[in-house]
Number of protein chains: 2
Amino acid sequence: MLPCLVPRNAVRRRDDRDHTDRIALSAATTDGVHLRTEDVRAWIAERREANAFHVERIPFAEMDQWWFEGATGNLVHRSGRFFAIEGLHVVEHDGPHGDGPYREWQQPVIKQPEVGILGILAKEFNGVLHFLMQAKMEPGNPNLVQLSPTVQATRSNYTKAHGGTNVKLIEYFAPPDPERVIVDVLQAEQGSWFFRKSNRNMIVETVDDVPQEDDFCWLTLGQIAELMHEDETINMNARSVLSCLPYHDTAPGALFSDVQLLSWFTNERSRHDVRAHRIPLKDVGGWKQGVEAIEHEDGRFFNVRAVAVKGSNREKISWTQPLLESVGEGVVAFLMREIEGVPHVLVHARADAGFLDTVELAPTVQRTPLNYAHLPAENRPPFLDFVQDAPRSRIRYEAVHSEEGGRFLNARARYLVVDADGTIDPPPGFAWVTPAQLTALTRHGHYVSVEARTLLACINAAVAQPRGTAALDSLSVHGKARA
Amino acid sequence: MLPCLVPRNAVRRRDDRDHTDRIALSAATTDGVHLRTEDVRAWIAERREANAFHVERIPFAEMDQWWFEGATGNLVHRSGRFFAIEGLHVVEHDGPHGDGPYREWQQPVIKQPEVGILGILAKEFNGVLHFLMQAKMEPGNPNLVQLSPTVQATRSNYTKAHGGTNVKLIEYFAPPDPERVIVDVLQAEQGSWFFRKSNRNMIVETVDDVPQEDDFCWLTLGQIAELMHEDETINMNARSVLSCLPYHDTAPGALFSDVQLLSWFTNERSRHDVRAHRIPLKDVGGWKQGVEAIEHEDGRFFNVRAVAVKGSNREKISWTQPLLESVGEGVVAFLMREIEGVPHVLVHARADAGFLDTVELAPTVQRTPLNYAHLPAENRPPFLDFVQDAPRSRIRYEAVHSEEGGRFLNARARYLVVDADGTIDPPPGFAWVTPAQLTALTRHGHYVSVEARTLLACINAAVAQPRGTAALDSLSVHGKARA
């Protein structure tokens with residue numbers, strides 16, 4: 001299972017200039033060899049029909065193999081597989097080890113120790129890189145089927161430890177051919193819902209003839225960029241992987257050098273002292289457990305629910321599982337401004353309880369407004385009102401995306417890029433950085449949060465689309481499916 | 001306390017070419033403005049005399065303020081400050097979440113939640129960067145006084161939360177001037193002795209007139225490079241900080257591109273499933289607690305000891321504290337070979353229980369031979385015998401360094417760079433990388449282990465010394481103080 005890095009007796013360039021040139025070409029190509037972009041929506045709808053999935057909420061007691069384990073009350077699978085819902089006790093300290101403010105709370109959290117693979121297969125057709133996307137059903141997606149990476153598999157899946165069916169095309173990723181790797185990095189997922197979960201985000205090229213399967217289609221980056229403007233079309237895992245593409249930085253620089261940016265980030269990581277301890281789910285204070293849901297006492301944040309899934313083309317034909325259900329649509333936004341013509345976004349060094357290493361770079365705003373509706377204006381999160389009240393003319397990008405449908409039920413958020421007008425001084429914990437700087441950081445884990453990666457993928461897609469023309473204008477193309 | 005990244009309306013270069021050019025000049029300069037290199041040893045001896053420290057081992061019961069806490073038996077300070085010695089239960093899993101082999105053990109471990117600052121102040125004299133080193137006593141150093149960074153301070157220290165004395169020159173580091181930061185990164189320390197400890201490694205430049213204090217001296221990198229060949233002269237914290245210096249890569253490339261290297265590393269991180277849980281010290285199996293020491297039942301690994309320190313120029317005049325005492329001299333070595341004339345070292349993706357994120361890149365060999373003396377040859381760690389039996393002609397670098405004297409007692413290791421003869425195929429978990437690739441990774445935490453950073457600092461120092469000449473020959477200068 002190890003990639004075989006056979007020593008040859010030659011050195012090669014350390015950078016990936018060849019990759020960045022071919023990625024730029026793919027981003028500039030909006031005609032794919034397989035499907036026209038305008039036909040993708042119909043194709044997804046066709047796959048949705050072909051597989052006829054049905055998902056319904058059920059009481060916890062009707063789950064098969066899942067139960068609230070005796071001593072802890074944790075919601076687990078009897079096999080010990082998949083994931084568990086446990087409790088988390090979180091304290092953020094003020095001085096001397098942090099600069100606070102002091103915060104303390106308890107919440108349910110998803111514990112999933114396995115590192116999975118999210119892999120996109122790439123291949124040149126007519127000299128242009130195409131990416132193999134899968135029309136995949138996930139029970140928590142409001143529209144069930146979205147475009148996912150070629151492969152989404154846990155380690156248990158792909159090592160077939162539990163006798164599951166084969167994961168299609170996994171052989172390109174476990175292990176990857178070192179000569180064909182474009183992206184391969186462990187990236188963390190939602191720090192407010194997961195406890196220290198990472199997945200391996202991969203893009204691997206092939207020159208093989210890959211058999212054409214019904215649920216798969218090859219798309220250029222230009223096509224994917226257009227689809228990124230559609231609501232609920234590109235799933236979270238695909239957005240995360242695509243955000244790690246090594247786009248070449250064409251800007252002359254940035255407000256801060258990379259060393260300055262890393263120094264600011266190091267300071268943010270140093271000044272937050274967040275300690276999160278797993279506790280039994282039954283001991284979580286402030287939440288109440290019912291027959292069909294575990295809910296926050298004030299109805300905020302999320303609910304733990306159970307669903308039954310009946311389908312036909314997944315690893316199992318039917319199953320039940322828990323999901324975290326969002327209590328309201330989220331708002332996730334970058335403020336953006338130009339500095340000497342170079343676009344910058346306002347990142348927030350956010351300390352979520354489930355992060356492995358204290359803080360990650362998050363969007364300017366990342367909130368579920370419902371959770372803050374009870375607060376007076378002066379206590380509301382910074383920039384939330386600015387983003388929510390932004391006139392249409394200030395919105396450079398907008399689409400509704402949903403979070404991972406294998407864990408989250410109807411977890412939708414409006415993703416936005418909003419013009420900041422150049423007048424905003426960053427408060428503590430915020431800094432202006434270029435999308436190229438964020439892209440460079442996605443080579444490494446624990447820098448760019450999964451929500452920021454979604455926006456980065458959207459920005460890179462939009463900017464890449466009309467190469468050589470006024471790039472930012474394209475950001476004002478809105479999601480077409482807004483109600 | 002926040003660095004104030006004031007937005008200006010201009011972009012700058014993202015890279016740090018200015019820094020790398022000036023670092024190269026400093027490395028090429030072996031005449032400093034302050035002390036001649038050959039006089040540094042005498043100066044350190046003079047500082048050792050001037051401060052007249054005395055350290056002695058004492059029974060645990062004679063410690064002041066430290067005690068074995070009732071319920072857990074953890075060795076803690078009554079104030080909750082400093083650090084604690086607790087227990088750790090470690091399991092490395094085989095399939096499906098890892099590829100093993102299965103390992104399980106318990107051990108004492110140091111828990112220190114505070115992020116400290118290890119900061120070196122830099123300043124140009126006669127157009128050449130000099131670095132301000134401190135002659136600092138640490139009770140666990142066999143020779144008590146070594147050259148440390150300008151500042152070594154915990155957050156409690158420098159925020160004066162506990163009313164301690166001022167930390168000299170801390171104002172340059174907390175916060176640093178963003179215009180003057182050369183290095184600023186959180187780096188982890190020993191994963192076999194600490195549970196997830198990181199310190200902030202910093203180099204910050206100044207143009208101020210810095211008052212000349214008795215225990216401080218300005219040295220060029222060329223001077224420090226020469227001193228890195230002396231035994232037990234540059235302390236661990238200084239070696240760690242110096243390893244993060246952004247040397248420019250003058251080689252044409254490497255055996256693997258950076259993307260390939262990161263992909264290999266991602267695979268190594270993914271395939272190890274190490275779970276470490278803190279447990280009460282009193283429950284640690286396989287160790288026995290005596291009046292003066294906590295020892296492994298077979299006398300291996302390390303002992304927990306207590307010492308009393310009497311001194312004059314530290315924050316406290318006298319104190320007692322626990323230290324981890326090494327049971328034998330360690331061997332830490334990189335194998336090195338040239339590929340098309342470019343030096344490469346053989347890194348080991350090592351999974352230590354105390355690492356925050358599973359594996360870090362460690363030296364080829366990092367062992368205390370005594371711990372393996374009982375094993376038959378075929379079960380001994382890879383390359384240990386190769387390194388120990390290496391003839392003098394194969395040794396490119398050698399010096400004895402000790403680990404952090406504030407936590408470890410007589411923890412000495414022979415640090416070596418050994419010629420590999422170009423015939424070694426890396427076994428699983430090992431890869432040939434260039435020192436420049438490791439240097440690039442030191443910009444980020446959790447890639448290059450503290451032991452590998454020491455060797456990297458030694459290699460960069462040695463290579464940097466004779467710029468434009470046959471660089472590697474200088475690596476064969478041996479520590480002069482060997483017995």
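The values are calculated or read from the model by the stated rules, or taken from the named source; none is laboratory data. Since this is a predicted model, take the numbers as computed values, not measurements. Ideal geometry is used to build each Cβ from the backbone, glycine not excepted, and the neighbour counts take in all protein chains shown. Ligands, DNA and RNA are excluded from the accessible area calculation, which covers all protein heavy atoms including side chains. Shrake-Rupley method; radii C 1.70, N 1.55, O 1.52, S 1.80 Å.
Placing unit charges on the Cβ atoms only, positive for Lys and Arg and negative for Asp and Glu, gives the protein assembly as shown a dipole magnitude near 720 debye about its Cα centre. For chain A, the 222 nm mean residue ellipticity estimated from helices alone, with every DSSP H stretch of n ≥ 4 adding -39500 (n - 2.57) and the total spread over all residues, rounds to -5000 deg cm²/dmol.
Counting every pair of alpha carbons in region A:25-483, the share spaced more than 28 Å apart comes to 50 percent. Contact residues in region B:266-296 (at least 10 Å² less accessible area with all protein chains than alone, 1.4 Å probe): B:Thr266, B:Asn267, B:Arg269, B:Ser270, B:Arg271, B:Arg275, B:His277, B:Arg278.
Extension gain, A:Lys160-A:Ala61: 0.36 nm per intervening residue step, less the Cα-Cα distance, totals 32.8 nm. Shielding of peptide A:177-183 by partners, expressed as the average count of other chain Cβ atoms within 10 Å per residue Cβ, is 4.
For region B:97-177, averaging the sequence separation of C-alpha pairs within contact (under 8 Å, six or more residues apart) and dividing by the residue count gives a relative contact order of 25 percent.
Placing a label point 7 Å from the Cα of A:Asn143 along the Cα-to-Cβ direction, the distances to the matching points in the other copies come to 7.0 nm, shortest first. Count the lysine pairs in chain A whose Cα atoms lie under 19 Å apart, taking only pairs 8 or more positions apart in sequence or on different chains. Close lysine pairs found across chain A: 9. Chain A residue nearest by beta-carbon to the axis mapping A to B, with distance in Å: A:His444, 3.
For region B:32-186, the Cβ-based charge dipole about the Cα centre amounts to some 500 debye (Lys, Arg positive; Asp, Glu negative; other atoms uncharged).
Across region B:343-456, C-alpha contacts under 8 Å between residues 6 or more apart give a mean separation that, scaled by the residue count, equals a relative contact order of 36 percent.
Protein heavy-atom surface of region A:114-258, 1.4 angstrom probe: 45% of the accessible area is carbon and sulfur, with nucleic acids and ligands not counted. Remark: the B:Gln388-B:His248 segment gains 47.2 nm on full extension, using 0.36 nm per residue and subtracting the alpha carbon distance. Between B:Thr29, B:Pro252, B:Val327, the Cα set farthest toward the positive side of the dipole of region B:25-483 (charges on each charged residue's Cβ, about the Cα centre) is that of B:Val327. Between B:Phe408, B:Thr439, B:Val450, the Cα set farthest toward the positive side of the dipole of region B:334-459 (charges on each charged residue's Cβ, about the Cα centre) is that of B:Phe408. In this structure B:Trp105 has an accessible area near 80 Å², from a 1.4 Å probe over the protein heavy atoms.
Dipole orientation for the protein assembly as shown: of the candidates A:Leu346, B:Leu221, B:Asn166, B:Asn166 has the Cα lying most toward the positive pole (charges on Cβ; Lys, Arg +1; Asp, Glu -1).
Comparing each chain alone with all protein chains together (probe 1.4 Å, DNA, RNA and ligands left out), the residues of region A:144-158 losing at least 30 Å² of accessible area are A:Arg155.
Would you kindly work out, in nm and rounded to one decimal, the distances from the label point of B:Trp105 to those of the same position in each other copy, ordered shortest first, with label points 7 Å along Cα-to-Cβ? Those label-point separations list as 4.1 nm.
For chain A, the membrane-span-like helices by this rule, meaning whole DSSP H stretches whose C-alpha atoms cover at least 18 Å of axis and whose Kyte-Doolittle mean is -1.0 or above, are A:258-271, A:450-464; this says nothing about an actual membrane. Subtracting the Cα-Cα distance of A:Gln212 and A:Arg380 from 0.36 nm times their residue separation leaves 55.4 nm of extension gain. Solvent-accessible surface, computed for protein heavy atoms with a probe of 1.4 Å, shrinks by 30 Å² or more for the following residues of region A:413-459 when the other protein chains are added to the isolated chain: A:Arg443, A:His444, A:Tyr447.
Summing both sides, the accessible surface hidden between A and B at a 1.4 Å probe radius is close to 6500 Å². Between copies, the label points of A:Pro280, set 7 Å from Cα on the Cα→Cβ line, lie 1.8 nm apart, reported in increasing order to one decimal in nanometres.
A 1.4 Å probe run over the protein chains yields, for chain A, 36 Å² of accessible area per residue, whole-number rounding. Convex hull volume per residue, computed on the Cα atoms of the protein assembly as shown, equals 167 Å³. With contacts taken as Cα pairs under 8 Å at a separation of at least 6 residues, chain B carries a relative contact order of 21 percent.
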